1. Name the single residue that is farthest from the chain's Cα centre (by Cα) among those in region 46-60 being of a type outside the set (Gly, Ala, Ser) and away from the ligand (no atom under 16 Å from the Cβ).
2. Specify which of the listed residues (ALA32, ALA40, ALA76) is open to solvent by 30 Å² or more (accessible area, probe 1.4 Å) and within 20 Å of PRO10 (Cα to Cα).
3. Considering only residues that are within 26 Å of the chain's Cα centre (by Cα) and either open to solvent by 30 Å² or more (accessible area, probe 1.4 Å) or on the phi > 0 side of the Ramachandran plot (or both), which ones fall in region 17-29?
4. Residues in region 405-455 that are open to solvent by 30 Å² or more (accessible area, probe 1.4 Å) and among the aliphatic types (A, V, I, L, M): how many?
5. Out of all the residues in region 235-253, is one or more part of a helix (DSSP H, G or I) and at pLDDT 95 or above?
6. Taking region 96-108 as the region of interest, how many residues are more than 9 Å from the ligand (Cβ to nearest atom) and open to solvent by less than 10 Å² (accessible area, probe 1.4 Å)?
7. Can you find even one residue in region 35-54 that is farther than 29 Å from GLY118 by Cβ and either modelled with pLDDT under 95 or part of a loop (DSSP other than H, G, I, E, B) (or both)?
Amino acid sequence: MIRLSAPSVPADPTSKERLAARGLDYRTVDTADRAAFLNAMQAVTRGFLGPEITGAAVAEESEPTEGRRYIGIFDAGIAQPQVPVATTDSWVTPLSVPGGELDMWAISGVTVAGTHRGRGIARAMLEGELRAAADAGLAIAGLTVTETTLYGRYGFGAAVPMSTWTIDTRRAGWAGPDVDGRVEFVSREQLASDLGRVHERVRTRRGGEIAAWPRRWRQAAGLSTSVKDGDHARGVRYVDADGEVRGALAYRVIENEREFTQSRLNIGALVTETPDAAAALWGYAVQHALVAEVTASLRPTDDPVRWLVRDERGAVQTIRDHGWLRILDLPQALQARTYSAAADVTLEVTDPLGLTSGTWRVRTALDGGVEVSRVSPGESAASAESGASGALAESGATGVADVHLGIAELSAAYLGGTPLTGLLAAGRIAGDTAAVAALDAALRPAQPPTLSIWY
Ligand SMILES: CC(C)(COP(=O)(O)OP(=O)(O)OC[C@H]1O[C@@H](n2cnc3c(N)ncnc32)[C@H](O)[C@@H]1OP(=O)(O)O)[C@@H](O)C(=O)NCCC(=O)NCCS
């Protein structure tokens, strides 16, 4: 399948006009002009509280990532008019969903200079990204966030929770199975390659993952100039009895110089393809010499480590939002995935940008697809446009929606990572309890979604 090229998508004219009225130039950055591109990266690094890009970092940071569209907002009236006062970048990537994949508009690098905050620049950029993606035919957008309070207003919902682990190695102990493969050290170059290869093989197994790119794994392996003390990164991999690489682990040991037996091992990346690989690599970390604590983040909420240790109270899990999604085209997004139960519900959706607003009838089939139809005002759900069957017409469905929710909440629930029943209990959505429970059951896959990288 030929994926849409994000750089071919023009800057959104509405946001361009809105910002021009404030004397700002909103445009795509010409990545062929390396000096201009580096200026944009200087703005991104500054926005994320990093140092100025100098020395060896210049060559790496002047290299645009293939397939990305970089937006800059320029103010001609400042001392450094060539450095954008705001940035964002985006690209089209596969998003894993139950039963398949869906092209997603990924958004990253959202910054506004401290000198230009609070003027609606981020709003213009985010709305511009969503309109541009919707106009280009994308059904969903996604991002990972520095602060949870930023993106709900644009219709994003926290869809993929992930967990952080803090393991007291001595208390937790080890109860994992014996495996017949081997754990071996690899060079950092090999580590980056192994992480990428295994991740690419496993990412479609659950909803929530996107395709990573080489630099992401080079950063995990400490090979990027953007990583402090990169040479402290170590790597091991798991090779099964047939000689296949089934997992890779990037980690650092932070030595405790006052008490050598109290060092901490931090897992930077752990990707595994088989239960044996997970047991072997977690076992390697938890049983590491001189290590009293193992920490790991971006782990799935059902990480097997809880059951691999002897005393699970020695392994403390903290669950937090990680992957955020925003449905742009409701029928297309719902039709891209399979469902865990049959449901027939009518949703009244509100959308701050109007992209998905309206009343929708959603009929899912167990282990199968979905029919989505728009219900016109005054029309009963059973006679909605996609041609409801007689049986459905007799089912008593009415024009009154069963569930009322914002697109942020539907996006949060889309992969089954956020329970609609929980949102109902919290008053974040409204509706009939049985209908919410039915849709919730349909949306929940056998395994929760996961997203093992930042983007
Ligand atoms: C977050 C950031 C992009 C906001 O930029 P900004 O141009 O000041 O934002 P805007 O003026 O367009 O504000 C848009 C909305 O977000 C709200 N907002 C801005 N910063 C916020 C914050 N830190 N927390 C909660 N809400 C915030 C505003 O109140 C405004 O709300 P409204 O339009 O619903 O009334 C900017 O502070 C920044 O660059 N931060 C550092 C980098 C970063 O964290 N980027 C986000 C990466 S995921």
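The values are calculated or read from the model by the stated rules, or taken from the named source; none is laboratory data. Fair warning: this is a prediction, and the values are worked out from it, not measured in the lab. Cβ placement follows ideal geometry from the backbone for every residue including glycine, while neighbour counts extend to all protein chains displayed. Surface accessibility is based on the protein's heavy atoms, side chains included, excluding ligands, DNA and RNA. Shrake-Rupley method; radii C 1.70, N 1.55, O 1.52, S 1.80 Å.
1. THR54
2. ALA32
3. ARG27, THR28
4. Count: 9.
5. no
6. 5
7. The answer is yes; a qualifying residue exists.
Here is a yes/no grid of residues against (1) touching a Cys at 6+ places or on another chain (Cβ under 6 Å); (2) of a type in the set (S, T, N, Q); (3) closer than 30 Å to ALA141 by Cα; (4) in contact (Cβ under 8 Å) with a residue 40 or more places away in the chain:
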{"position": "GLY155", "(1), (2), (3), (4)": "no, no, yes, yes"}
{"position": "ALA158", "(1), (2), (3), (4)": "no, no, yes, yes"}
{"position": "TRP165", "(1), (2), (3), (4)": "no, no, yes, yes"}
{"position": "GLY173", "(1), (2), (3), (4)": "no, no, no, yes"}
{"position": "VAL179", "(1), (2), (3), (4)": "no, no, no, yes"}
{"position": "PHE185", "(1), (2), (3), (4)": "no, no, no, yes"}
{"position": "SER193", "(1), (2), (3), (4)": "no, yes, yes, no"}
{"position": "GLY196", "(1), (2), (3), (4)": "no, no, yes, no"}
